[in-house]
Amino acid sequence: MSRLEQAITDNFVPWRNIEHRTKHYWVFTDKSPITEGHLLFVPTEETAENLWQCYQAAYKFGFNGVERQQWEAFSIEQKVGEAAGQTVMYPHVHMIPVRRSSNITTD
């Protein structure tokens, strides 16, 4: 069992809706999304390699949404440490779509 699976089993993290899984990371819908499409990319193990895979996947997913005109832009965010505002003490990367105009499609 990975550290992520153990964290989920122990009810340590608030993520439940798994959208996608890979060896290096899992993708979840955010429990309290800022906007529609807000996703969390969570490494299966707390390693730099797995976290880097999260950043790459979040960027690719966000960029693909721009290309498909699902949103106009996106932000990628990670808070590290309580002083930075981190509330879930397991590493994760947010991909947050940005929509400003009415010509953006929704799926």
Quick one: how many residues across segment 66-78 are in a loop (DSSP other than H, G, I, E, B) and surrounded by fewer than 15 Cβ atoms within 10 Å (Cβ to Cβ)? 3
Confirm whether I96 is in contact (Cβ under 8 Å) with a residue 24 or more places away in the chain, in a loop (DSSP other than H, G, I, E, B), surrounded by 11 or more Cβ atoms within 10 Å (Cβ to Cβ) and hydrophobic (A, V, I, L, M, F, W, C). no
Taking segment 46-56 as the region of interest, how many residues are surrounded by 21 or more Cβ atoms within 10 Å (Cβ to Cβ) and out of contact with any strand residue (DSSP E or B) (no Cβ under 7 Å at 6 or more places or on another chain)? 0
Among the residues of segment 1-22, which ones are at pLDDT 75 or above and in contact with a Ser or Thr (Cβ under 7 Å, 6 or more places away or on another chain)? N17, E19
Filtered residue count, segment 23-45, keeping only those that are in contact with a helix residue (DSSP H, G or I) (Cβ under 8 Å, 6 or more places away or on another chain) and surrounded by fewer than 14 Cβ atoms within 10 Å (Cβ to Cβ): 0
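The values are calculated or read from the model by the stated rules, or taken from the named source; none is laboratory data. Please read all numbers here as calculations on a predicted model, not as lab measurements. Virtual Cβ from ideal backbone geometry, glycine too; neighbours counted across all protein chains shown.
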